[in-house]
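Down below is the structure, laid out as C-alpha coordinates.
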Amino acid sequence: MIQPSYQNLRHDQPEPGIHLVTIDRPKALNALDSATLAELARVVAGVAADAEARALLLTGGGTKAFVAGADISEMQALSPEQARSFSSRASRMFLDMEALPIPVIALVNGYALGGGCELALACDWIVAADNAVFGQPEVNLGIPPGFGGTQRLPRRIAPGKAMELLVTGRQVRADEAVAIGLANEKVAADALLARGVELARTIASKGPFAVRLVKQAWQRGQSLDLAQACAVESDLFGLAFSTADQKEGMRAFIEKRPPVFGGR
Ligand code: COA
(Lines give C-alpha, C1' and ligand atoms only; values in the text may rest on other atoms or scores of the structure.)
Protein backbone atom coordinates (compact mmCIF):
# COMPACT_ATOMS: atom_id res chain seq x y z
CA MET A 1 0.00 0.00 0.00
CA ILE A 2 1.41 3.42 -0.97
CA GLN A 3 1.40 5.69 2.09
CA PRO A 4 0.32 9.24 1.28
CA SER A 5 2.61 11.89 2.71
CA TYR A 6 1.44 14.25 5.44
CA GLN A 7 2.76 17.55 6.79
CA ASN A 8 1.18 17.50 10.24
CA LEU A 9 0.82 13.87 11.13
CA ARG A 10 2.54 10.54 10.87
CA HIS A 11 0.87 7.28 9.93
CA ASP A 12 2.63 4.05 10.87
CA GLN A 13 1.75 0.40 11.17
CA PRO A 14 3.82 -0.91 14.09
CA GLU A 15 2.36 -4.39 13.53
CA PRO A 16 0.08 -5.87 10.88
CA GLY A 17 -3.45 -4.52 11.28
CA ILE A 18 -2.44 -1.92 13.87
CA HIS A 19 -2.57 1.68 12.64
CA LEU A 20 -0.81 4.39 14.63
CA VAL A 21 -1.57 8.02 13.80
CA THR A 22 0.55 10.69 15.49
CA ILE A 23 -0.52 14.30 15.22
CA ASP A 24 2.78 16.10 14.85
CA ARG A 25 2.69 19.86 14.71
CA PRO A 26 5.13 20.81 17.45
CA LYS A 27 5.14 24.58 16.83
CA ALA A 28 1.50 24.75 17.97
CA LEU A 29 1.45 21.82 20.43
CA ASN A 30 -0.36 19.75 17.79
CA ALA A 31 -3.28 22.20 17.60
CA LEU A 32 -5.83 21.32 14.94
CA ASP A 33 -5.87 23.75 12.05
CA SER A 34 -7.76 23.20 8.78
CA ALA A 35 -4.77 21.53 7.13
CA THR A 36 -4.35 19.05 10.00
CA LEU A 37 -8.08 18.29 10.05
CA ALA A 38 -7.94 17.60 6.29
CA GLU A 39 -4.98 15.27 6.78
CA LEU A 40 -6.82 13.47 9.58
CA ALA A 41 -9.80 13.04 7.27
CA ARG A 42 -7.51 11.48 4.64
CA VAL A 43 -5.89 9.10 7.09
CA VAL A 44 -9.28 8.05 8.51
CA ALA A 45 -10.51 7.32 4.96
CA GLY A 46 -7.40 5.22 4.37
CA VAL A 47 -7.91 3.22 7.57
CA ALA A 48 -11.60 2.77 6.72
CA ALA A 49 -10.59 1.22 3.40
CA ASP A 50 -8.18 -1.27 5.00
CA ALA A 51 -10.07 -4.54 5.37
CA GLU A 52 -7.16 -5.95 7.38
CA ALA A 53 -7.26 -3.14 9.97
CA ARG A 54 -7.79 -4.31 13.55
CA ALA A 55 -7.32 -1.17 15.65
CA LEU A 56 -6.33 2.48 15.36
CA LEU A 57 -4.17 4.24 17.94
CA LEU A 58 -4.18 8.03 17.99
CA THR A 59 -1.57 10.08 19.84
CA GLY A 60 0.31 13.36 19.81
CA GLY A 61 3.91 13.94 18.77
CA GLY A 62 6.40 15.10 21.40
CA THR A 63 5.99 14.78 25.13
CA LYS A 64 3.99 17.88 25.98
CA ALA A 65 0.69 17.59 24.16
CA PHE A 66 -1.77 15.20 22.63
CA VAL A 67 -3.55 18.15 20.99
CA ALA A 68 -3.68 21.61 22.63
CA GLY A 69 -6.97 22.47 20.96
CA ALA A 70 -8.32 23.85 17.76
CA ASP A 71 -5.87 26.32 16.29
CA ILE A 72 -6.59 29.65 17.97
CA SER A 73 -4.45 31.61 15.49
CA GLU A 74 -6.57 30.33 12.61
CA MET A 75 -9.87 30.79 14.46
CA GLN A 76 -9.17 34.31 15.66
CA ALA A 77 -10.34 36.13 12.53
CA LEU A 78 -13.09 33.77 11.36
CA SER A 79 -16.47 35.20 10.39
CA PRO A 80 -19.56 33.48 11.87
CA GLU A 81 -20.07 31.58 8.62
CA GLN A 82 -16.41 30.53 8.43
CA ALA A 83 -16.52 29.45 12.09
CA ARG A 84 -19.60 27.36 11.43
CA SER A 85 -17.88 25.74 8.46
CA PHE A 86 -14.70 25.08 10.51
CA SER A 87 -16.78 23.39 13.22
CA SER A 88 -18.81 21.39 10.68
CA ARG A 89 -15.72 20.12 8.88
CA ALA A 90 -14.14 19.02 12.14
CA SER A 91 -17.38 17.42 13.31
CA ARG A 92 -17.69 15.51 10.03
CA MET A 93 -14.15 14.22 10.39
CA PHE A 94 -14.71 13.23 14.04
CA LEU A 95 -17.94 11.41 13.12
CA ASP A 96 -16.13 9.56 10.33
CA MET A 97 -13.40 8.52 12.75
CA GLU A 98 -15.98 7.45 15.32
CA ALA A 99 -17.73 5.39 12.63
CA LEU A 100 -14.60 3.42 11.74
CA PRO A 101 -15.47 -0.28 11.96
CA ILE A 102 -12.53 -0.99 14.31
CA PRO A 103 -11.74 0.17 17.86
CA VAL A 104 -10.01 3.55 18.05
CA ILE A 105 -7.98 4.30 21.17
CA ALA A 106 -6.68 7.73 22.15
CA LEU A 107 -3.25 7.64 23.79
CA VAL A 108 -3.26 10.98 25.54
CA ASN A 109 0.19 12.34 26.28
CA GLY A 110 0.14 15.78 27.92
CA TYR A 111 -2.45 18.39 27.06
CA ALA A 112 -5.77 17.32 25.55
CA LEU A 113 -7.56 20.64 25.65
CA GLY A 114 -10.54 21.91 23.69
CA GLY A 115 -10.46 20.20 20.30
CA GLY A 116 -7.86 17.81 21.73
CA CYS A 117 -10.20 16.63 24.45
CA GLU A 118 -12.98 16.42 21.86
CA LEU A 119 -10.77 14.38 19.53
CA ALA A 120 -10.02 11.96 22.37
CA LEU A 121 -13.76 11.76 23.16
CA ALA A 122 -14.44 10.74 19.55
CA CYS A 123 -12.24 7.69 20.16
CA ASP A 124 -13.73 4.55 21.68
CA TRP A 125 -11.65 4.95 24.79
CA ILE A 126 -8.79 6.88 26.26
CA VAL A 127 -5.56 5.77 27.87
CA ALA A 128 -4.01 8.66 29.78
CA ALA A 129 -0.30 9.16 30.35
CA ASP A 130 0.52 10.31 33.87
CA ASN A 131 1.18 13.81 32.46
CA ALA A 132 -2.20 14.01 30.70
CA VAL A 133 -4.32 17.13 31.25
CA PHE A 134 -7.88 17.21 29.93
CA GLY A 135 -10.19 20.17 29.66
CA GLN A 136 -12.63 22.21 27.64
CA PRO A 137 -11.25 25.72 28.16
CA GLU A 138 -13.20 27.30 25.28
CA VAL A 139 -15.26 29.46 27.66
CA ASN A 140 -12.00 31.23 28.54
CA LEU A 141 -11.85 32.31 24.88
CA GLY A 142 -15.47 33.44 24.77
CA ILE A 143 -16.71 30.49 22.73
CA PRO A 144 -18.38 27.14 23.43
CA PRO A 145 -16.75 23.89 22.27
CA GLY A 146 -17.30 23.36 18.55
CA PHE A 147 -15.94 19.88 17.84
CA GLY A 148 -18.58 17.86 19.71
CA GLY A 149 -17.55 18.54 23.31
CA THR A 150 -20.97 19.67 24.47
CA GLN A 151 -22.39 16.39 23.13
CA ARG A 152 -19.77 13.72 23.71
CA LEU A 153 -18.52 14.74 27.16
CA PRO A 154 -21.97 14.38 28.82
CA ARG A 155 -22.40 11.07 27.01
CA ARG A 156 -19.01 9.76 28.22
CA ILE A 157 -19.04 10.89 31.86
CA ALA A 158 -21.78 11.87 34.30
CA PRO A 159 -23.75 14.75 32.69
CA GLY A 160 -23.50 16.98 35.74
CA LYS A 161 -19.74 16.54 35.91
CA ALA A 162 -19.52 17.22 32.18
CA MET A 163 -21.50 20.46 32.52
CA GLU A 164 -19.24 21.54 35.38
CA LEU A 165 -16.13 21.02 33.24
CA LEU A 166 -17.71 22.62 30.15
CA VAL A 167 -18.85 25.82 31.85
CA THR A 168 -15.91 26.33 34.22
CA GLY A 169 -13.12 25.26 31.87
CA ARG A 170 -11.52 23.44 34.79
CA GLN A 171 -8.76 21.08 33.72
CA VAL A 172 -8.40 17.56 35.11
CA ARG A 173 -5.28 15.48 35.41
CA ALA A 174 -4.90 11.78 34.70
CA ASP A 175 -5.98 10.45 38.11
CA GLU A 176 -9.19 12.46 38.11
CA ALA A 177 -9.82 11.61 34.46
CA VAL A 178 -9.77 7.92 35.39
CA ALA A 179 -11.89 8.52 38.50
CA ILE A 180 -14.66 10.23 36.50
CA GLY A 181 -14.56 7.68 33.67
CA LEU A 182 -13.08 10.02 31.09
CA ALA A 183 -9.98 7.83 30.74
CA ASN A 184 -9.94 4.07 31.19
CA GLU A 185 -6.53 3.92 32.79
CA LYS A 186 -3.37 5.87 33.61
CA VAL A 187 0.08 4.68 32.57
CA ALA A 188 3.58 6.14 32.80
CA ALA A 189 4.18 8.53 29.90
CA ASP A 190 7.08 6.47 28.60
CA ALA A 191 4.92 3.33 28.60
CA LEU A 192 1.95 4.90 26.79
CA LEU A 193 2.72 3.73 23.28
CA ALA A 194 3.65 0.22 24.41
CA ARG A 195 0.37 0.00 26.32
CA GLY A 196 -1.54 1.12 23.23
CA VAL A 197 0.15 -1.51 21.08
CA GLU A 198 -0.52 -4.13 23.75
CA LEU A 199 -4.23 -3.26 23.74
CA ALA A 200 -4.33 -3.26 19.93
CA ARG A 201 -2.57 -6.62 19.87
CA THR A 202 -5.16 -8.05 22.27
CA ILE A 203 -7.95 -6.76 20.02
CA ALA A 204 -6.18 -8.19 16.96
CA SER A 205 -6.05 -11.64 18.58
CA LYS A 206 -9.87 -11.81 18.82
CA GLY A 207 -12.28 -12.73 16.08
CA PRO A 208 -11.91 -9.74 13.71
CA PHE A 209 -15.45 -9.95 12.41
CA ALA A 210 -16.80 -10.26 15.96
CA VAL A 211 -14.90 -7.15 17.07
CA ARG A 212 -16.36 -5.19 14.16
CA LEU A 213 -19.84 -6.47 15.01
CA VAL A 214 -19.47 -5.31 18.63
CA LYS A 215 -18.61 -1.83 17.46
CA GLN A 216 -21.33 -1.81 14.84
CA ALA A 217 -23.96 -2.95 17.36
CA TRP A 218 -22.98 -0.21 19.79
CA GLN A 219 -22.91 2.49 17.12
CA ARG A 220 -26.19 1.55 15.47
CA GLY A 221 -27.93 1.07 18.81
CA GLN A 222 -27.10 4.49 20.21
CA SER A 223 -29.83 6.34 18.36
CA LEU A 224 -32.46 3.65 19.02
CA ASP A 225 -34.62 2.72 21.98
CA LEU A 226 -33.49 -0.35 23.92
CA ALA A 227 -35.87 -2.80 22.22
CA GLN A 228 -34.86 -1.66 18.73
CA ALA A 229 -31.20 -1.65 19.70
CA CYS A 230 -31.43 -5.21 21.03
CA ALA A 231 -33.08 -6.21 17.73
CA VAL A 232 -30.06 -4.79 15.88
CA GLU A 233 -27.85 -6.81 18.20
CA SER A 234 -29.83 -9.98 17.44
CA ASP A 235 -29.41 -9.41 13.69
CA LEU A 236 -25.66 -8.98 14.07
CA PHE A 237 -25.46 -11.98 16.42
CA GLY A 238 -27.17 -14.05 13.74
CA LEU A 239 -24.82 -12.69 11.10
CA ALA A 240 -21.84 -13.92 13.11
CA PHE A 241 -23.11 -17.47 12.69
CA SER A 242 -22.50 -17.21 8.94
CA THR A 243 -18.75 -16.85 9.55
CA ALA A 244 -15.93 -19.37 9.67
CA ASP A 245 -14.67 -17.50 12.76
CA GLN A 246 -17.76 -18.50 14.76
CA LYS A 247 -17.27 -22.13 13.80
CA GLU A 248 -13.55 -21.98 14.57
CA GLY A 249 -14.03 -20.10 17.86
CA MET A 250 -16.56 -22.57 19.20
CA ARG A 251 -14.79 -25.66 17.83
CA ALA A 252 -11.56 -24.47 19.47
CA PHE A 253 -13.36 -24.09 22.80
CA ILE A 254 -14.77 -27.61 22.59
CA GLU A 255 -11.39 -28.99 21.54
CA LYS A 256 -9.67 -27.05 24.37
CA ARG A 257 -7.20 -25.22 22.09
CA PRO A 258 -6.67 -21.58 21.15
CA PRO A 259 -8.74 -20.43 18.15
CA VAL A 260 -7.12 -19.47 14.86
CA PHE A 261 -9.31 -16.74 13.40
CA GLY A 262 -9.17 -15.92 9.71
CA GLY A 263 -11.45 -12.91 9.78
CA ARG A 264 -14.04 -14.59 7.57
N1 COA B 1 -3.81 27.04 18.94
C2 COA B 1 -2.73 27.62 18.36
N3 COA B 1 -1.52 27.64 18.93
C4 COA B 1 -1.38 27.06 20.11
C5 COA B 1 -2.45 26.42 20.77
C6 COA B 1 -3.71 26.43 20.13
N7 COA B 1 -4.78 25.83 20.66
N8 COA B 1 -2.00 25.93 21.94
C9 COA B 1 -0.70 26.25 22.01
N10 COA B 1 -0.32 26.92 20.92
C11 COA B 1 1.02 27.46 20.60
C12 COA B 1 1.32 28.68 21.44
O13 COA B 1 0.75 29.83 20.88
C14 COA B 1 2.84 28.68 21.39
O15 COA B 1 3.25 29.23 20.17
P16 COA B 1 4.49 30.28 20.15
O17 COA B 1 5.68 29.48 20.65
O18 COA B 1 4.59 30.65 18.71
O19 COA B 1 4.12 31.38 21.07
C20 COA B 1 3.18 27.21 21.37
O21 COA B 1 2.01 26.51 20.95
C22 COA B 1 3.56 26.66 22.75
O23 COA B 1 2.51 27.00 23.65
P24 COA B 1 2.76 27.78 25.04
O25 COA B 1 1.47 28.43 25.43
O26 COA B 1 3.96 28.65 24.95
O27 COA B 1 3.09 26.55 25.99
P28 COA B 1 2.83 26.45 27.56
O29 COA B 1 3.52 25.21 28.00
O30 COA B 1 3.17 27.73 28.23
O31 COA B 1 1.24 26.25 27.70
C32 COA B 1 -0.91 25.31 27.15
C33 COA B 1 0.64 25.09 27.17
C34 COA B 1 -1.49 24.11 26.41
C35 COA B 1 -1.44 25.38 28.58
C36 COA B 1 -1.21 26.63 26.41
O37 COA B 1 -0.53 26.62 25.17
C38 COA B 1 -2.68 26.82 26.13
O39 COA B 1 -3.42 27.19 27.01
N40 COA B 1 -3.10 26.59 24.86
C41 COA B 1 -4.46 26.84 24.44
C42 COA B 1 -5.39 25.81 24.99
C43 COA B 1 -6.82 26.11 24.57
O44 COA B 1 -7.42 27.09 24.94
N45 COA B 1 -7.35 25.21 23.74
C46 COA B 1 -8.70 25.31 23.27
C47 COA B 1 -8.74 25.99 21.97
S48 COA B 1 -10.42 26.06 21.37
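The values are calculated or read from the model by the stated rules, or taken from the named source; none is laboratory data. Being a predicted model, the structure only gives us computed values, none of them experimental. FYI the Cβ positions are ideal-geometry reconstructions off the backbone, even for glycines, and counts take in every protein chain you see. All accessible areas refer to the heavy atoms of the entire protein, side chains included, with ligands and DNA or RNA removed. Shrake-Rupley method; radii C 1.70, N 1.55, O 1.52, S 1.80 Å.
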Select from region 16-39 the residues that are touching a strand residue (DSSP E or B) at 6+ places or on another chain (Cβ under 7 Å), within 16 Å of the ligand (Cβ to nearest atom) and on the phi < 0 side of the Ramachandran plot and write down the one among them that is most open to solvent (accessible area, probe 1.4 Å).
ASP24
Could you list, in sequence order, the residues of region 111-142 that are open to solvent by 30 Å² or more (accessible area, probe 1.4 Å), in contact (Cβ under 8 Å) with a residue 24 or more places away in the chain and either in a loop (DSSP other than H, G, I, E, B) or away from the ligand (no atom under 12 Å from the Cβ) (or both)?
ASP124, TRP125, ASP130, ASN131
Might you check whether a residue that is in a strand (DSSP E or B), within 30 Å of GLY249 (Cα to Cα) and either open to solvent by 10 Å² or more (accessible area, probe 1.4 Å) or assigned by TED's automatic domain parsing to the domain that holds ASP71 (or both) occurs anywhere in region 188-206?
no
How about region 76-94: which of its residues are touching a residue at least 40 places away in the same chain (Cβ under 8 Å), open to solvent by 20 Å² or more (accessible area, probe 1.4 Å) and among the aliphatic types (A, V, I, L, M)?
ALA83
For LEU224, the lone unmet condition from (1) surrounded by 14 or more Cβ atoms within 10 Å (Cβ to Cβ); (2) outside any helix (DSSP H, G or I); (3) not assigned by TED's automatic domain parsing to the domain that holds GLY61 is (1)
Being within 16 Å of the ligand (Cβ to nearest atom), open to solvent by less than 30 Å² (accessible area, probe 1.4 Å) and either farther than 22 Å from LEU100 by Cα or small (Gly, Ala, Ser) (or both) is the filter here; which residues of region 45-75 pass it?
GLY60, GLY61, ALA65, GLY69, ALA70, ASP71
